[in-house]
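Shown next, in structure tokens, is the structure this report addresses.
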Amino acid sequence: MARKRLSPPMRTKRRSTSMRSRAAQAHTRPAETRNEDFSGDELTALVVRGCLIARDSVFNVRDFLADGSRLAFLAIKDCEKELDQIERKIDEQLPEAITRVTEAKARELLACLKFITDLERIGDLSYNSVIQLQSRREKLPAADSRQLVEMASLLYEMLEQIHQGFLKRDVSHAQVVLKSDPEVDRLCHSLFQRHLAEPNIPSGQQNFDVLLAAQALERIGDHAKNLAEELYSLAEGRSLRHNARKLSSA
């Protein structure tokens, strides 16, 4: 679904909104909460924040693909750095936190570790996709731009579903993601086939960056699919990671 590009002031609100959300969570947490519970809750909150940052990163990829926005490029770079920082913090804090919680909470923390691994990779791939095109002198061909923007739009919606599913522990959101991933693959394959079918002319070599960008976006879809499958595991308490075909047809 089309959505207006955020203006520069709106982009800065992502951080302030996240900070307000975290402050509200801290305010509602009982003062007598045990230290180990706070550690677990903090790590879970970091993953929620990571979901939003990954989603925002892909939103800015869509902006960059649509009009080459320099502001969008810088926002993607910033998101990639933030996701790296969150992953490092979780890696550092989780080993100690997981020894202080119940088995159920430990399972949640392990899911957080899996989540942030995929989210961090999504940040890397978002940045890689625009790096391929950032130094391009010629404007993207209209057909390529249309397909890449469509891929980014689907990925944005998939990551929003992941965010909502993690918050609510609701697998219906995961199912939407699993059903959307094949369409991302189809768009990527279609773009590749179109370029490979073109006559081998000198200018065709200049579009190799387009194929690399499409491949990076397709890989983001794979990581979103991983997150959807992990959401099933988190919500139902058992791993379905190796049963993707069944999930896709459910």
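The values are calculated or read from the model by the stated rules, or taken from the named source; none is laboratory data. Note that the structure is predicted; figures quoted are calculated from it, not measured. All Cβ positions, even for glycine, are placed from backbone atoms using ideal geometry, and neighbour counts span all protein chains on display. Ligands, DNA and RNA are stripped out before the accessible areas are found, and what is left, the full protein with its side chains, is counted by its heavy atoms. Shrake-Rupley method; radii C 1.70, N 1.55, O 1.52, S 1.80 Å.
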Going through the range 124-142 one residue at a time, which ones are at pLDDT 95 or above, among the polar types (S, T, N, Q) and surrounded by fewer than 20 Cβ atoms within 10 Å (Cβ to Cβ)?
ASN128
Within the range 185-208, is there a residue that is β-branched (Val, Ile, Thr) and modelled with pLDDT of 95 or more?
no
Subset of the range 95-111 [touching a Gly at 6+ places or on another chain (Cβ under 9 Å) and part of a helix (DSSP H, G or I)]
ALA97, ILE98, ALA104, LYS105, ALA106, ARG107, GLU108, LEU109
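Say whether the condition of being farther than 24 Å from ASP56 by Cβ and either open to solvent by 50 Å² or more (accessible area, probe 1.4 Å) or at pLDDT 85 or above (or both) is met by at least one residue in the range 176-184.
Going through the range 176-184, the residues farther than 24 Å from ASP56 by Cβ turn out to be 182.
From what's left, either open to solvent by 50 Å² or more (accessible area, probe 1.4 Å) or at pLDDT 85 or above (or both): 182.
Yes: one or more hits.
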Reported set for the range 66-89 where residues are at pLDDT below 95 and either of a type in the set (A, V, I, L, M) or touching a Pro at 6+ places or on another chain (Cβ under 8 Å) (or both) is ALA66
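Restricting to the range 148-159, and then to whatever is touching a residue at least 60 places away in the same chain (Cβ under 8 Å) and open to solvent by 40 Å² or more (accessible area, probe 1.4 Å), can you tell me which residue is farthest from GLU236 (Cα to Cα)?
Initial filter on the range 148-159 (touching a residue at least 60 places away in the same chain (Cβ under 8 Å)): 148-149, 151-159.
Keeping just the survivors that are open to solvent by 40 Å² or more (accessible area, probe 1.4 Å) gives 154, 157.
Working: LEU154: 26, GLU157: 23 Å.
The qualifying residue farthest from GLU236 (Cα to Cα) is LEU154.
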Could you tell me how many of the residues in the range 90-123 are within 19 Å of the chain's Cα centre (by Cα) and surrounded by fewer than 15 Cβ atoms within 10 Å (Cβ to Cβ)?
1
Suppose we filter the range 209-250 for residues that are within 17 Å of ARG186 (Cα to Cα) and at pLDDT 60 or above; how many remain?
16
